[in-house]
Every structure is written in structure tokens, then in C-alpha cells.
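The values are calculated or read from the model by the stated rules, or taken from the named source; none is laboratory data. Note that the structure is predicted; figures quoted are calculated from it, not measured. Here Cβ is always computed from backbone atoms with ideal geometry, including for glycine, and neighbour counts include all displayed protein chains. To get the accessible areas, we keep the full protein, side chains included, count just its heavy atoms, and leave off ligands, DNA and RNA. Shrake-Rupley method; radii C 1.70, N 1.55, O 1.52, S 1.80 Å.
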Amino acid sequence: MNSEPSIESIRDKVFSGTRLGREEGLYLEKSASLHDLGELANAVRERKNGDIAWYNVNVHLNPTNVCAYRCTFCAFRADLKDPRAYRMSDDDILARGAEARARGCTEMHIVGGLHNKAPVDWYRHILELMHSHYPEIHLKAYTAVEWDWFERITNRPVPEILAEFRQAGLGSLPGGGAEIFDPVVRGKICEHKADGGAWLKVHEAAHRLGLRSNATMLYGHHEGPEHRIDHLLTLRELQDRTGGFQTFIPLAFHPENTRMAHMPKPSSIADLRTIAISRLMLDNFDHIKAYWIMLGISTAQIALSYGADDLDGTVVHEKIYHEAGSTSPQEITVNDLRRLIVEAGREPVERDTLYRRVQRDQSNPARWSIAA
Ligand code: V47
Ligand code: SF4
């Protein structure tokens, strides 16, 4: 007999490792206390990752802010003739690579706008340039929205473009652009870009080619509990089929300088609830990331006890959140990251993009290798 979910029935399921369903997800959203969410999510987090809190040493590259789309939540984009518009030159891009190497970065996170005048070859060229000069740096590049754009402007299928870019140095895909899959909500915030089906199609194609990827969810705007739970269940279903997702990153909407600037930013309570519910619903994801740039350092630290096991990295040169009012610092040192993690009662472990442990040369920390 099917009975209404309760926190006791959900607790029994979580502790016996039984998957939660949609009704249980909705119960967690609408009726569970923050305390109960934290207790349950922390149990899952410790089952999967023990006391480890992962971080990486990375740098961001946003090659252009010119974008053909006009997502209402975006403070980063610019029109072609906007005085803020930029498109990085090869020299600018190589300088970012040199900086990344000098800092001992293992990863470069590359995402940007869909430039109305730039051919797909330019996006591939960026990878070629970086990979040929700095082959040790993993290139986590282009959101599904960008891959879908490449398909639209070339009329070539995404799998073919992905395979070609992999030859050029592509290492994996970031999780951006997922926003909320529900078509009505999506229509209000990003009407014209890749819809939920197209986003999922790109990630499935990447996984089938052996490329790993991440997934995100943008919350705190027009969506409600049903939309968030359905978004998580859709990701869980794809992960059941491919196993290609590495980490899930809930992204809190930052309203400043956007066309939705009248809306409030989600509270820390909403952030922690979303992280915990994500951890509980996504039983087939190994990692949940508390992206400190988006959450702020204090909430990210607390999130390590609410289901999150990863803080992302040193970051450097982040633009998307800083344009939208993030007051987090532009970068954080490795020592500070490690100190924050230890203070939160966790064990800091440096990873590369694929969650392999990284070993640093004690006499020269910019030199690194993958631990055996
Ligand atoms: O796709 C844009 C979001 C994403 C705003 O894969 C905004 O490891 C809130 O996906 N307020 C890009 N969110 C960032 C992203 C990401 C970040 C860190 C790690 C990884 C990863 C991926 O940021 C966009 C969009 O969903 N976004 N503007 C804003 N005003
Ligand atoms: Fe363009 Fe991405 Fe901003 Fe949307 S979120 S306007 S696709 S840069």
C-alpha cells in the first residue's frame, strides 16, 4: 500500500540506500526542516565521500561576452556594439594559459557568449591554441548551450563537432546552461537558447563519446519546488543511462545588473536546502559542488555538512557571477581553501577535473602530478 511520505519513512529509505521518488522529493521541498535535510544529506555525503572535501586549482577563461541570446538572468552578455563587448585575441588567450601554468593550474574552465560574428572554427582554435602550448592543463569547455549553437550555425550534428573538438584538446564539458528544464519557466528566463531536450542531448552525446560532464540547476527565480524536483529527476534518469556525469552544481540566481534585478537573491537557508535536497535525490551522482563564488565562502563552508563534498577551485578571473553582484573575492589561495575546509571539519584533497588525487611538489607547488 502506498502511504504519504513522512520524514520517518524518508529517513528509513535514506539509511537503507533506497532511492527517493518524486513525492518524497516534494515532501523534502515543502515540509522537511533544514535540520532534517542536513542530517540526511550529510549521511549520504559521508557514505559517498567520507570526510573528504575536494578542491581543484583552476582558472576561468571567458573568450567573449558577446552573445546572440538574451537570458533575462544574465549580467555577463553584451551586444556586438556595446562598449563592454570584448573578444579575446590569441595573445590574450595564451597569456591566460601562461598564467594558469605559472599558478600550477590543472584545469581551465572555458565558457562564454555565442558571438554573432565568430565562426565555430574560432571556438575550436581556442582549444587548439591552449592545448598545443599547455597540454598538461585539462580543458573543461563550452556549455551545452554553446554546443547546441555550434550545431545550429554549422548544420553539423553535435557528436561530430564534439569529436572534432576532442581532437583539438577538449577534455570534458562544464554543467552550465541547464537552468531549469521546465519549458514554461525556461520560456521566461531564456526563451531562444537550447531547450531542456537539447541540453540533455548534448550531454548524452558527450557521454557516449567517453567525455565526462557536469550538470547544474539555476534556482531562486521563477521556478517552484515541482520544477526543481523534476529537473533533478530528469538528470538522474540520464545518469542511470550513461553514468557520464561527475558532479552536480546548484547555482543560486544573482539578480544584480540583470533584467530580473527586482527579485531577491536566494537566502543561505534556501541555498543549504537546495544543496541537501540535490544530494538526497541524485543518488547516482558521486559529487555535489558548493561553488563558493556563487554561495559566498561562509555558506560554502557550511554546505560541506549539508551534502556538498566539493568547493570547486581557486577559480581566478570569474566574470559571470561578479558581473551579477557576487561579492566573493576574485580568487582564493590554496592555503585559504584548505584552511576553510579544515575549519569545516573536513579533509581537504586536491583533485584534477576527473577527481583523481593531485600531488604537489613540496619545493615548487606549481609542479604537480597525478597520485598513483
Ligand atoms: O549557465 C549566469 C549561470 C552558469 C547568472 O561545470 C547565473 O564545474 C546565477 O555553469 N545568477 C555558468 N547564475 C556557470 C556554470 C558553472 C560554474 C562553476 C562550475 C561549473 C562546472 C559550471 O551560470 C550559466 C547560468 O546557469 N548564471 N548568470 C546569474 N546572474
Ligand atoms: Fe548568453 Fe549564456 Fe548569458 Fe544566456 S547566460 S545571455 S547564453 S552568455
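For the reader, a short list of remarks on this structure follows.
- Criterion applied to Ile277, Ile269, Ile293 was being surrounded by fewer than 19 Cβ atoms within 10 Å (Cβ to Cβ) and in a helix (DSSP H, G or I), and the one residue passing it is Ile269.
- Taking the range 241-266 as the range and being of a type outside the set (D, E, K, R), at pLDDT 95 or above and open to solvent by 20 Å² or more (accessible area, probe 1.4 Å) as the test, the residues that pass are Thr242, Gly243, Leu251.
- Of all residues in the range 86-101, those that are open to solvent by 60 Å² or more (accessible area, probe 1.4 Å) have Cβ atoms under 9 Å from Cβ atoms of residues that are of a type in the set (Gly, Ala, Ser) and part of a strand (DSSP E or B), 6 or more apart or on another chain, in Arg101/Ala366.
- All conditions in (1) crowded, with 16+ Cβ neighbours inside 10 Å; (2) in contact (Cβ under 8 Å) with a residue 60 or more places away in the chain hold for His192, with the sole exception of (1).
- Pick from the range 103-115, criterion open to solvent by 10 Å² or more (accessible area, probe 1.4 Å) and modelled with pLDDT of 95 or more, ranking: farthest from ligand 2 (Cβ to nearest atom): His109
- Only one entry of Ala252, Ala215, Ala194 meets the criterion of being of a type in the set (A, V, I, L, M) and more than 30 Å from Arg156 (Cβ to Cβ), and that entry is Ala252.
- Residues that are of a type outside the set (Lys, Arg) and open to solvent by 40 Å² or more (accessible area, probe 1.4 Å) were ranked within the range 35-64; the one that is farthest from Thr274 (Cα to Cα) is Asp51.
- Test: residue in the range 314-331 that is assigned to a strand (DSSP E or B), at pLDDT below 95, open to solvent by less than 10 Å² (accessible area, probe 1.4 Å) and within 16 Å of ligand 1 (Cβ to nearest atom): yes
- Within the range 324-339, residues that are acidic (Asp, Glu) reach partners that are open to solvent by 60 Å² or more (accessible area, probe 1.4 Å) and in a loop (DSSP other than H, G, I, E, B) with beta carbons closer than 8 Å, at six or more positions or on different chains, in the pairs Glu331/His317.
- Residues of the range 33-49 classified as without any contact (Cβ under 8 Å) to a residue 40 or more places away in the chain and either under 18 Å from Thr247 (Cα atoms) or not hydroxyl-bearing (Ser, Thr, Tyr) (or both), total: 6
- Which numbered condition Pro266 misses (of (1) over 17 Å from Arg228 (Cβ atoms); (2) more than 13 Å from the chain's Cα centre (by Cα)): (1)
- Exclusive hit being more than 29 Å from Asp309 (Cα to Cα) and within 15 Å of ligand 1 (Cβ to nearest atom), set Thr247, Thr258, Thr216: Thr258
- In the range 69-83, the residue that is nearest to the chain's Cα centre (by Cα) out of those that are surrounded by fewer than 19 Cβ atoms within 10 Å (Cβ to Cβ), within 15 Å of ligand 1 (Cβ to nearest atom) and not hydroxyl-bearing (Ser, Thr, Tyr) is Arg70.
- Restricted to the range 128-146, and to residues there that are in a helix (DSSP H, G or I) and touching a Lys or Arg at 6+ places or on another chain (Cβ under 9 Å), the residue that is farthest from ligand 1 (Cβ to nearest atom) is His133.
- Search result, residues across the range 1-24 that are more than 16 Å from Leu232 (Cβ to Cβ), open to solvent by less than 60 Å² (accessible area, probe 1.4 Å) and small (Gly, Ala, Ser): Ser6, Ser9, Gly17
- Hits in the range 102-127 - residues which are of a type in the set (Asp, Glu) and either more than 16 Å from ligand 1 (Cβ to nearest atom) or assigned to a loop (DSSP other than H, G, I, E, B) (or both): Asp121
- Qualifying residue in the range 145-157 (condition: on the phi > 0 side of the Ramachandran plot, open to solvent by less than 10 Å² (accessible area, probe 1.4 Å) and more than 13 Å from ligand 2 (Cβ to nearest atom)): no
- None of Leu340, Leu304, Leu295, Leu354 is at pLDDT 90 or above and either closer than 29 Å to Arg259 by Cα or acidic (Asp, Glu) (or both) except Leu295.
- Selection of first residues in the range 67-79 that are at negative phi and of a type in the set (Gly, Ala, Ser) and of second residues that are assigned to a strand (DSSP E or B) and more than 6 Å from ligand 2 (Cβ to nearest atom), restricted to Cβ pairs under 7 Å at least 6 apart or on distinct chains, gives the following pairs, ordered by first then second residue: Ala78/Val66.
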